[in-house]
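The values are calculated or read from the model by the stated rules, or taken from the named source; none is laboratory data. For clarity, every value in this text was computed on a predicted model and none was experimentally measured. Every residue, glycine among them, receives a Cβ derived from its backbone with ideal geometry; neighbour counts consider all protein chains shown.
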Amino acid sequence: MTNDQIRIEVAKATGWTKHREGWHHSVLCHEGGRPAPPDYPNDLNACHEMEAGLTGFDWHRFGMRLEDIMWDGRGSDRMAYPVWHSTARQRCEAFLRVKGLWKDA
């Protein structure tokens with residue numbers, strides 16, 4: 001997925017909707033709109049907002065997916081690739097995979 005596709009899919013999954021006058025978030029926006037949702041694939045702060053919506057078993061699945069994405073077959077020691085070093089884009093991919101929204105190229 002491109003960064004723009006990722007941004008839009010994460011936005012929709014976290015409560016953003018597109019209207020004529022701009023983007024709205026069900027919780028964050030009470031009046032008016034924003035030109036676009038946050039740049040999730042390039043902004044770790046935006047990813048923290050995204051991750052805040054994970055609950056229960058989704059947290060476990062998110063961590064496992066993120067570990068798989070980071071490891072990606074690089075050697076035998078998964079601990080050499082700790083998830084806290086993951087990029088915003090990697091976090092977005094894990095999030096969208098957990099939600100069943102990731103689209104392979």
Give me the residue from the range 21-54 that is of a type in the set (D, E, K, R) and under 18 Å from Cys92 (Cα atoms) and, out of that set, modelled with the lowest pLDDT. Glu49
Single match in Asp72, Asp4, Asp68 (criterion: of a type outside the set (A, V, I, L, M, F, W, C), modelled with pLDDT of 75 or more, over 14 Å from the mean Cα position of the chain (by Cα) and closer than 19 Å to Ala94 by Cβ): Asp68
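Find the residue count for the range 86-105, including only residues that are aromatic (Phe, Trp, Tyr), under 15 Å from Thr2 (Cβ atoms) and buried (at least 21 other Cβ atoms within 10 Å of the Cβ). Don't jump to the end; show me each part of the working.
Residues of the range 86-105 that are aromatic (Phe, Trp, Tyr), as a first pass: 95, 102.
Now drop any that are not under 15 Å from Thr2 (Cβ atoms), which leaves 102.
Cutting the leftovers down to buried (at least 21 other Cβ atoms within 10 Å of the Cβ) gives us none.
Matching residues across the range 86-105 total 0.
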